[in-house]
Amino acid sequence: MSTYAIAHVQSVVPGPEIVEYLERIDATLSGFGGRFLVHGGQAEVREGDFGGYVIVIEFPDRDHARGWYESPAYREIITLRTANTIGWVVLVDGVPIGHRATDILSAAPVTQ
């Protein structure tokens, strides 16, 4: 099952470090089967307050996603991003084809 690295970059300080990060990140993904699905772009906000940019990177599974995030190549460039942005990053698994919203009810009890 695919795993996604999802980031919400709420603000960014443009400059040479961000440019270097962007120039180097693609090379860190290739050994882990990662590919960009969403990389910024104009968001159409329908609910709530939202600012910044969303990035979604797909990996074949959680092991590949963790491997990428913890890899020496990515660790080498991560501070170029974290020192110049405010935001968060999560790893989250996708769902199988045919998933229905009610499928989560059997996975975890719903409290009232």
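The values are calculated or read from the model by the stated rules, or taken from the named source; none is laboratory data. What you see is a predicted model; the values in this text were computed from it and never measured. With ideal geometry, Cβ positions are generated from the backbone for all residues, glycine too; neighbour counts draw on all protein chains shown.
Table for the structure above
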{"item": "The lone exception for ASP49 - which of (1) closer than 27 Å to PRO96 by Cβ; (2) free of Cβ contacts under 8 Å to residues at least 12 places away in the same chain; (3) of a type outside the set (A, V, I, L, M) it fails", "result": "(1)"}
{"item": "Selection from region 55-112 of residues that are among the aliphatic types (A, V, I, L, M), at pLDDT 95 or above and either within 17 Å of ARG35 (Cα to Cα) or assigned to a helix (DSSP H, G or I) (or both)", "result": "ILE55, VAL56, ILE57, ALA65, ALA73, ILE77, ILE78, LEU80, VAL89, VAL90, LEU91, VAL92"}
{"item": "Looking only at region 59-72, and only at residues there that are of a type outside the set (Asp, Glu) and surrounded by fewer than 16 Cβ atoms within 10 Å (Cβ to Cβ), the one that is nearest to SER2 (Cα to Cα)", "result": "PRO60"}
{"item": "Boolean, SER2 is touching a residue at least 60 places away in the same chain (Cβ under 8 Å), hydroxyl-bearing (Ser, Thr, Tyr) and in contact with a Gly (Cβ under 6 Å, 6 or more places away or on another chain)", "result": "yes"}
{"item": "Failed item, numbered, when ARG46 is tested on (1) at pLDDT 95 or above; (2) surrounded by 10 or more Cβ atoms within 10 Å (Cβ to Cβ)", "result": "(2)"}
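Matching residues to (1) touching a residue at least 24 places away in the same chain (Cβ under 8 Å); (2) touching a strand residue (DSSP E or B) at 6+ places or on another chain (Cβ under 7 Å):
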position	(1), (2)
GLU44	no, no
GLU58	yes, yes
ARG62	yes, yes
TRP68	yes, yes
ALA73	yes, no
ARG81	yes, no
THR85	yes, yes
PRO96	yes, no
LEU105	no, no
